[in-house]
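Read the structure below first, then the notes.
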Amino acid sequence: MHMTRKLWRPVSLSAVAMASLPMLASAAGTATIEGKSMSDGPITIMWQDDGALRINPDPNAPENYMIVRDGKVYNVSRGDGKPMVMEVGGMLKAFGAMAADSQKGEQAIPAGIESVEATGKSETVAGIEGHVYKVTTVNADGTKKTGEVVLSSDPRATEMTEMYMTTMLSIFAQSDPQAILDALPDDERGMLRYDQDYYLTSISGDAPAADQFKLPAKPTNLADMLKNLQLGK
């Protein structure tokens, strides 16, 4: 089995990334995110109006991706020329818990936001105008970190942030999104940039093709895989 590389990496993004979670009805679209935290290259995100999400985390391996739909998380990869689909929700939650335990200081997953300060500056990212804020986050061990964040009221960016971050939080069972959300400006919750770790490079409100969200093979899970190995299948 080939687990999609660094599928858990978005969980280590800033608290602001996790916080930008407006509770809106989903529509549909496609976005690309880049930054220092995307070590394999840009991440492509697609979403549908029924809440389904697809994440392609490695542009050099387009055959490996993740689909989230109907409350389940599937890792799609290819082995021996055939697509393989594994349900990995429980596995990723375990990875998320281990990552949270192992991270310390400024690298830890933030537990909350201490302050949000408007700088009075504007910035355009991916053709979208936003406002620059200084956001100070607090980790569970008391460590604080201040970063520069660009937030926007653009509905596409707001919708994308909702879909992506809510999904990541539900997968990895990390910080409470609502408590962090309440610390942000009411009218600007679409994240365009966080320092140089995360920035939006393109976004479209056009609905992606429905077949992008179909599972290419019957899904299995870790228990089934181990059972098959024991049986020599």
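No lab work stands behind these numbers, since they all come straight from the coordinates. Given the structure is predicted, the values throughout are model-derived calculations rather than measurements. Cβ sites come from the backbone with ideal geometry, for glycine too, and all protein chains shown count toward neighbours.
The calculated FRET efficiency for the pair residue 82 and residue 211, based on their C-beta separation and a Förster distance of 22 Å, comes to about 0.80. Each residue of the stretch 117-129 is assigned a 3J(HN,Hα), and the resulting list reads 10, 6, 8, x, 9, 10, 8, 9, 10, 6, x, 10, 7 Hz, derived from the Karplus form 6.51 cos²θ - 1.76 cosθ + 1.60 (θ = phi - 60°), x at Gly and Pro.
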